[in-house]
Every structure is written in structure tokens, then in C-alpha cells.
Amino acid sequence: MNISERVKKDCCGCSACMNSCPRDCIKMTPDKDGFLYPEVCEVLCVECNKCAKVCPVLNEDTPANKPKAYLVRNKSKELRKTSTSGGFFAAAAKYVLSEGGVVFGVGFDEHFHVRHSYIENLKEIKKFNRSKYVQSEVGHTYRKVKEFLADGRKVLFSGTPCQVEALLNYLGNDPDDLYTMDIICKGVPSPKFWKKYLSWHKKKSGKDIREVRFREKTYGYGSTTMRVVYSDGTEYDEPYDVDPMLQFYSKEMISRPSCYDCKSKGKHRRSSFTAGDYWYVSGAAPRMDDGIGVSQVLVNNEKAAAAFEEIKKYLDVEPLDFDKDSAINGGMMVTSAKPNPRREEMFADLDGMSMSGLQKKYFPSTFKLKNRIKRRIRPIMYNMGILKIYKKSMRKRQSTKGSKR
Ligand SMILES: Cc1cc2nc3c(=O)[nH]c(=O)nc-3n(C[C@H](O)[C@H](O)[C@H](O)COP(=O)(O)OP(=O)(O)OC[C@H]3O[C@@H](n4cnc5c(N)ncnc54)[C@H](O)[C@@H]3O)c2cc1C
Ligand code: SF4
Ligand code: SF4
Ligand code: SF4
């Protein structure tokens, strides 16, 4: 039975198997929903089992580490504005690059396809800044990491928890010069849905796309928007309850099947650092609550702790109590999201319906007058300084109802 048949729907698409195959007989191929799965050429396969040995789904491993938790924000306000949360990634990248190292992360290519690549210069950091809520194509990135390490370079690799596990499995150890940053990960949306979303923009505007910014801090960290900049400089800027990409993602319609039963989540991880959002800053560290964003960071082992001492010079830091679940943003760190009951139906509609048709069918309330008015007053509330208070009370209401972000 080949790797693809063994792992089936649990496959997270990490590409470790493809990277490890000595015969190069595995290629990652999209399924009907656009997610990549391994396809094995049986003629070339010599049944060496290397692919199975590196697969994070077949080799679950939870370290007995004692992470330290921190609330951090990058000292550069500019970097924080262009980062998703508090700009921890940019600080870690700066440290590794200042040591002559290489940073691997997720960016867009010229067609806005989401993929892993690397940078060797801080000027290029913008490429990786900001979360792209689409599954990234890893390609042969792990092989490249190995090459840089063999050349004696320090490497920072950032990705989802399953991608970091995949890299560590592929390398067979956690080399001294390698730092890994995984994220608190809700799930990764379908590249096929993303492609359709981009086409919708081009058709609707009649223009090409120049830039995409998921979670632009238009109305502050707690109320981000999807910003798309068109070729003529005009902009589209819509919140979670209007923009289809954010809407279908937040309502659990478009993430990869493996994300709904994730094998890589947990409070104890093999990565050096785990970074995520933090929504309780006003209670935990009011002095840090300036509305531009903070990151929660877990420093997962001794190697990471030593590097964190260096990275700290770029950060403002407050300790958090790792053992107290209420003190850390623990929900998505350990629990998989639940798929929307209409997810399958939506994917069955994807080829035959337009983006607006899908939105009208699955989220008709988007177009209701009440919601349209709410959206009109959002900028006014923001300018008057009351949007943050409103969002905070909504979040409190949701958390007492037991919902997790
Ligand atoms: C798909 C996805 C889901 C997430 N879900 C949650 C969540 O549920 N709860 C939570 O607290 N935080 C979540 N995060 C993490 C959060 O959005 C921030 O990435 C994190 O707080 C780090 O922010 P930053 O300001 O330090 O870095 P930023 O400058 O925002 O850096 C983003 C980092 O994420 C990496 N990255 C970007 N897109 C992807 C991608 N598609 N796949 C893998 N890596 C990527 C980049 O390489 C970079 O290292 C998620 C991130 C992603 C990409
Ligand atoms: S068993 Fe070996 S040769 Fe066959 S696909 Fe896996 S890694 Fe490649
Ligand atoms: S190594 Fe990754 S891509 Fe390959 S089968 Fe396992 S989970 Fe899927
Ligand atoms: S939710 Fe789990 S399986 Fe999905 S991308 Fe994140 S770490 Fe991988």
C-alpha cells in the first residue's frame, strides 16, 4: 500500500513524503477541491518506506517540554502594522538574518499563488509578513533547508505546525542552526477557492491585482479587513462578514479536511517557537494595548530560549502563565475546528456557481439592509473610538457562550 493510500483523508499536504523520496516518484496533485495530495508512480517506487518514515500523520510525536509563554510586540510600529499580530515573526527573522542566516516563509508569487520560499535580506521581509489564509505549496523547500544547513547557515523556517513537524521528520533531527516557528493554526483554506476568489476580483473590477493584504488593520487589530489593491491603485477593503474569502474561512467551509481532525495541534510542540494572536491584552498587559496588535509566543525548548534572549532586543515582552489555560490563547492551539455541516455541499457547488451566487446561497444575511447599515457605521464608530469597546463586549459575549476563535 503506497503512502497516499495509507494516509488518505488525514493527509495534511505537508509534502514531506515528496521531499524524502530518493526516486522522486511522488508528486503532489490537487484533488477535486484543490488540496494537494501525494501521487506515487508505482513503476518507479522501490518500496523503501522513506516517505512513511517522515510523514507527520503516521509518526505523531509530542515532546515532554516545558514551554515558556510571552506576550510580545515588535518595537517597530511600522513592522507591527504590516504583521498579523504583534510582529514576532519579523523580530525572529531579523535575528537570524543578522547572523547571516536564511529565512523561509510563505508569500505570494507573481500570480498570487501561495507558496513557501526563502529570503536572505531583511528588505524582503514584507514578502512573508502577514498570514495568508490559504494552504501554501511547500514544493521542495525542505531539501533547500537541508542544503543551507549543510553550508553552515542559520535557518528560520516558518509554517503551519504540520509543516514544521514535516521538516523536522525530513531532517531526522533538530539541528542547532535551525529555528522553527509554527503558528496557532485554525486551518488552511483551499487553493482552488482562493483562485476563484482572485478571478472574482478581476472580473468585478475589470483590473489586475497588485497587492493582497489579509487582515489589514484598517480599524485596528481587533477589527481587521481584507484589502485588495488593484493595478490602478484603487482599493477594495471589506470585513469578515462581507469579504467571501474571510467569510467562508471563518465559517469553516473551505479548510482542508485534515484540519478538522488535526494531528499537529497541542500545547507541547517540537518547534522552537509557536506564535499566534492574543485577544486578552487589555486584561493581561494594558500598557501594550494600543490597538496595533500583540503576539502570543511560546518558547518551546532551550535552544529557542537562548535565541529568544537575542530576539528580545527587537521586542517589548511580558510573561504569561503557560500553565493557566485562561492566560494563554489556548483554544485553537489544542482543539480542531468543526467543519460547517454545509461544507461538502459548498464544494459541490464551487465549479458551477459564481462567487456572488455562493455568497447569496450560503450567507444571504450579508446582503440584508441591517448588516449593510452596520457596515456603514463601522468606520464612524472606529473614528469615534468606540469600535474597540463594542468589539470587546461582543467577544466577551461570545466567550461566555463558549465559542472559541
Ligand atoms: C492559515 C493560518 C491560520 C492561523 N490561525 C490562527 C488561529 O486560529 N489563532 C491564532 O491565534 N493565530 C492563528 N494564526 C497565526 C496568526 O495569524 C499569525 O500568523 C501569528 O500570530 C504570527 O503573527 P506575526 O505578527 O508574528 O507575524 P506575521 O508577519 O503576520 O507573519 C506571518 C507568518 O506566518 C507565515 N505564514 C503566512 N501564511 C502562511 C500559510 N498560509 N501557511 C503557513 N505559514 C504562513 C509566514 O511565513 C510568517 O512567518 C494563523 C496563521 C495562518 C497562516
Ligand atoms: S516507498 Fe520509497 S521509492 Fe516508494 S514512494 Fe516512498 S520514498 Fe519513494
Ligand atoms: S508526508 Fe505529508 S503529504 Fe505525504 S502523506 Fe504524509 S501528510 Fe500527506
Ligand atoms: S490545522 Fe493542522 S492539519 Fe491543518 S494546516 Fe494547521 S497544523 Fe496542518
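The values are calculated or read from the model by the stated rules, or taken from the named source; none is laboratory data. Remember, predicted model here, so these are calculated numbers, not experimental data. Backbone-built Cβ (ideal geometry, glycine too); neighbour counts: all protein chains shown. Remember, those area values only see protein heavy atoms, side chains included, never the ligands or the DNA or RNA. Shrake-Rupley method; radii C 1.70, N 1.55, O 1.52, S 1.80 Å.
When the Gaussian network model of the chain links Cα atoms closer than 10 Å, the mean-square fluctuations of PHE157, PHE112, PHE367 top out at PHE367.
Would you work out what percent of the accessible area of the chain, with all protein chains in place, is carbon or sulfur (probe 1.4 Å)? That fraction is 52 percent.
Which entries of LYS127/LYS217; LYS66/LYS312; LYS27/LYS338; LYS127/LYS192; LYS195/LYS361; LYS94/LYS132 have Cα-Cα distances beyond 24 Å here?
Result: LYS27/LYS338 exceed 24 Å.
For region 3-54, the Cβ-based charge dipole about the Cα centre amounts to some 140 debye (Lys, Arg positive; Asp, Glu negative; other atoms uncharged).
Report the gain in length on full extension from ALA305 to LYS374: 0.36 nm times residue separation, minus Cα-Cα distance, nm rounded to one decimal.
Full extension from ALA305 to LYS374 adds 20.3 nm.
In a fully extended conformation the segment linking HIS113 and LYS77 would gain 10.1 nm over its present Cα-Cα distance, using 0.36 nm per residue. For the listed peptides 184-191, 93-100, 264-271, a ranking on the average number of other beta carbons within 10 Å per residue, highest first, reads 184-191, 264-271, 93-100. Give me the Kirkwood hydrodynamic radius of region 3-54, using the inverse of the mean 1/r over all pairs of distinct Cα atoms, in Å to one decimal. After inverting the mean inverse Cα-Cα distance, the result is 11.1 Å.
Using θ = phi - 60° in the Karplus curve 6.51 cos²θ - 1.76 cosθ + 1.60, the 3J(HN,Hα) couplings for region 192-205 round to 6, 4, 4, 4, 5, 4, 5, 5, 4, 4, 5, 5, 5, 8 Hz; x is entered for Gly and Pro. Heavy-atom accessible area with a 1.4 Å probe sorts TRP194, TRP279, largest first, into TRP279, TRP194.
When each pair of different Cα atoms in region 94-150 is counted once in the 1/r mean, what is the Kirkwood radius in angstroms, to one decimal?
Every distinct Cα pair counted, the radius reaches 12.0 Å.
Heavy-atom accessible area with a 1.4 Å probe sorts LYS132, LYS203, LYS27, LYS146, largest first, into LYS203, LYS27, LYS146, LYS132.
Here the dipole of region 107-149 is about 140 debye; that uses its Cα centre as origin and unit charges on the Cβ of Lys and Arg (positive) and Asp and Glu (negative).
Which stretch or stretches of region 36-52 have amide N atoms under 12 Å from the point lying 7 Å from LYS27's Cα along the Cα→Cβ direction? Within reach of a label on LYS27, which here means backbone N under 12 Å from a point 7 Å along Cα→Cβ, region 36-52 contributes 39-41. Counting only the Cα atoms, region 148-303 fills a convex hull of 170 Å³ per residue. Using the Karplus relation 6.51 cos²θ - 1.76 cosθ + 1.60 with θ = phi - 60°, the per-residue 3J(HN,Hα) values for region 310-327 come to 7, 5, 3, 5, 9, 10, 9, 10, 10, x, 10, 8, 4, 6, 9, 4, 6, 8 Hz, with x marking Gly and Pro. For the chain, the equivalent ellipsoid built from the Cα gyration tensor has semi-axes of 32, 28, 20 Å, listed from largest to smallest.
A 1.4 Å probe, protein heavy atoms only, puts the accessible area of HIS113 near 70 Å². Sequence-distant contacts, meaning Cα pairs under 8 Å at least 6 residues apart, place the relative contact order of the chain at 20 percent. With the simple model of a label 7 Å out from the Cα in the direction of the Cβ, LYS123 to GLU42 spans 5.3 nm.
Give the aspartates and glutamates reachable from LYS360 as a straight Cα distance under 19 Å; neighbours fewer than 8 places away on the same chain don't count. Here the aspartates and glutamates satisfying the reach criterion relative to LYS360 are GLU238, ASP241, ASP243, GLU252, GLU344, GLU345, ASP349, ASP351.
Please give the net charge around PRO67, taking every other residue with its beta carbon less than 9 angstrom from that of PRO67, where Lys and Arg add +1 and Asp and Glu add -1.
So the surrounding residues net to +4.
Helices in the chain, meaning DSSP H runs of at least 4 residues, each add -39500 (n - 2.57). Divided by all residues, the mean residue ellipticity at 222 nm is -9500 deg cm²/dmol. For each pair in LYS9/LYS265; LYS9/LYS32; LYS251/LYS370; LYS75/LYS267; LYS186/LYS303, compute the distance between the two Cα atoms and list the pairs where it is over 25 Å. Violating the 25 Å Cα-Cα cut-off are LYS75/LYS267; LYS186/LYS303. Between GLU211 and LYS313, the modelled labels are 3.0 nm apart [label points 7 Å from Cα along Cα→Cβ].
Placing unit charges on the Cβ atoms only, positive for Lys and Arg and negative for Asp and Glu, gives the chain a dipole magnitude near 2020 debye about its Cα centre.
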